[in-house]
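The values are calculated or read from the model by the stated rules, or taken from the named source; none is laboratory data. Quantities reported herein were computed from a predicted structural model and do not represent experimental measurements. Here the Cβ positions follow ideal geometry from the backbone for every residue, glycine too, while neighbour counts run over all protein chains shown. In case anyone asks, the SASA skips ligands and DNA or RNA and just uses the protein heavy atoms, side chains included. Shrake-Rupley method; radii C 1.70, N 1.55, O 1.52, S 1.80 Å.
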Amino acid sequence: MAAYLSGLHHISLHVSNVNKIANDLVSKFKFSLFATRLTDRSRQLAFRKGAAVFVVNERPNQSGVILNEELPDITHRHSPDTRRLNVRKYEQGTAKCLYDISPSYSVDTVSNVCFEVEDVEKSFRDLRHLGCNFLVPPTTVEDEAGAVTYSVVQSVVGNVCHTLIDRTKYEGLFLPGFDVLEKDCNLEEDEDMSCPITHFDHITYACHRKTTLQVMRWYEQLFGFQRFFIDSEEDVDEGFVINQEGIGLRLTAMEYWKCSKAGIILPSVDKKGPDCKFVIAESLPEQGRNQVDTFLEQHRAPGIQHVGLYTENILSTAHAMAGAGVQFFSPPPAYYTEVGKQQEIEEAGHSPQMLAQYGILLDTDLHQGPLKTSCDNRRYLLQVFTKPIFAEDTFFLELIERRGAMGFGEGNIRALWRSVQAYMETGAHTVRLETHSQRS
């Protein structure tokens, strides 16, 4: 591999209406606004819930303002490819989007997954040698709390790019250039325990047909990603395939290894922080159009379709979010009464009626063999999808609670994706789009 990843730092959104998304993240999804970067023509807002951090960037307006202008007052350090800037001098009159690029994209999008690395410049040299396209070369940003070096590399998935960042020489709470809000400095005390989200569990890409292997090879060769099998009987080449009952879908998962002083170790072994899996979704033609096709059409390119938020209590989290106005996809009511499912839910210590209230699905880990008699020893997971958070039927969030289960649950996958497909087919999304247009 060419770049050793230490962990996932944040995920970036680029939206036309920062105020709306900011309000939704705080009031509906219970994130806290903890850092801001406001200039004459640029707004970047950082929101946190546990270790999950979203950075919301305002997209260029219709006048064609491009936010990634050349940096002023640049001096070289270490190599001709490295740039250095002082935040105080830089902020005046600039519209640069720090730690990212500002894509001239026509719809709201989630387009950057930022990884921490230990050596940005080495990663840059190695990745560029392998043919990677860098949108931002190694750049050092500093303030009174220290310095951070970053670069931005284009991925092979649509408009997705990755910021590689080294903050080992920075003692601030977030990143140079951002003002940390004093009232939110003690984040642990301010956490809303009714909504115990702790980290990003997984990120799902919607991709064109027959591109999965290309995407996997890219991440494996450049970042050391390893295959994660969704199902024990999953075909190595084909992935996890659902091709029946109106759903034609191929899912393939991978996870990255983390770098430590002792070498490269699997995320499941590294207790310093949680790992985040990446899932590639592509549609299969035999069953007709599905939500992956809808994403590709409305997003106009492959990209990040949804992000899984890990919660320690999905019922409490869903209850708090639903009360604040979040809408969830629901499976058919028969899901909770079908043969074996009601018993499975009850043996896991849950009420089918309570799960049905929010559309939460439960699936027992098939890898553990026969069901245990004690729910304390049973491995299972619970999941639910939110409805899209943008005007288009593109990006949404997922809540997931794991009780020992490391995969995604074959039964849950079928039911979750079927609930999304049913929503797309009813035309409910058209009503939502019309409502959004009337409010705009």
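So here's what we get for this one:
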| read-out | value |
| --- | --- |
| Positions within the range 187-221 being crowded, with 16+ Cβ neighbours inside 10 Å, modelled with pLDDT under 95 and hydrophobic (A, V, I, L, M, F, W, C), in sequence order | CYS195 |
| GLY288 being at pLDDT 75 or above and open to solvent by 30 Å² or more (accessible area, probe 1.4 Å) | yes |
| Residue that is modelled with the lowest pLDDT, among those in the range 315-329 that are over 14 Å from ASP24 (Cα atoms) and buried (at least 20 other Cβ atoms within 10 Å of the Cβ) | PHE329 |
| Any pair with Cβ under 9 angstrom, 6 or more apart, that starts in the range 1-29 at a residue that is assigned to a helix (DSSP H, G or I) and ends at one that is crowded, with 19+ Cβ neighbours inside 10 Å and aromatic (Phe, Trp, Tyr) | ILE21/PHE54; ILE21/PHE390; ALA22/PHE47; LEU25/PHE31; LEU25/PHE47; LEU25/PHE54; VAL26/PHE47 |
| Some residue of the range 118-129 being of a type in the set (A, V, I, L, M, F, W, C), assigned to a strand (DSSP E or B) and either at pLDDT 95 or above or crowded, with 20+ Cβ neighbours inside 10 Å (or both) | no |
| The range 130-159: number of residues that are among the hydrophobic types (A, V, I, L, M, F, W, C), open to solvent by less than 10 Å² (accessible area, probe 1.4 Å) and over 23 Å from the mean Cα position of the chain (by Cα) | 1 |
| Residues (over 27 Å from the mean Cα position of the chain (by Cα) and free of Cβ contacts under 8 Å to residues at least 60 places away in the same chain) located in the range 313-340 | PRO333, ALA334, TYR336, THR337, GLU338, VAL339, GLY340 |
| Filter result for GLY409 (closer than 28 Å to HIS10 by Cα, surrounded by 21 or more Cβ atoms within 10 Å (Cβ to Cβ) and at pLDDT below 90) | yes |
| Enumeration of residues in the range 397-406 that are open to solvent by 10 Å² or more (accessible area, probe 1.4 Å) and either part of a strand (DSSP E or B) or modelled with pLDDT of 95 or more (or both) | ARG402, ARG403, GLY404 |
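This table checks each residue for (1) at pLDDT 90 or above; (2) over 27 Å from GLU118 (Cα atoms); (3) open to solvent by less than 30 Å² (accessible area, probe 1.4 Å); (4) outside any loop (DSSP other than H, G, I, E, B).
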site	(1), (2), (3), (4)
GLU233	no, yes, no, no
GLY248	no, yes, yes, yes
ALA253	yes, no, yes, yes
ILE264	no, no, no, yes
LYS271	no, no, no, no
ALA281	yes, yes, yes, yes
VAL292	yes, yes, yes, yes
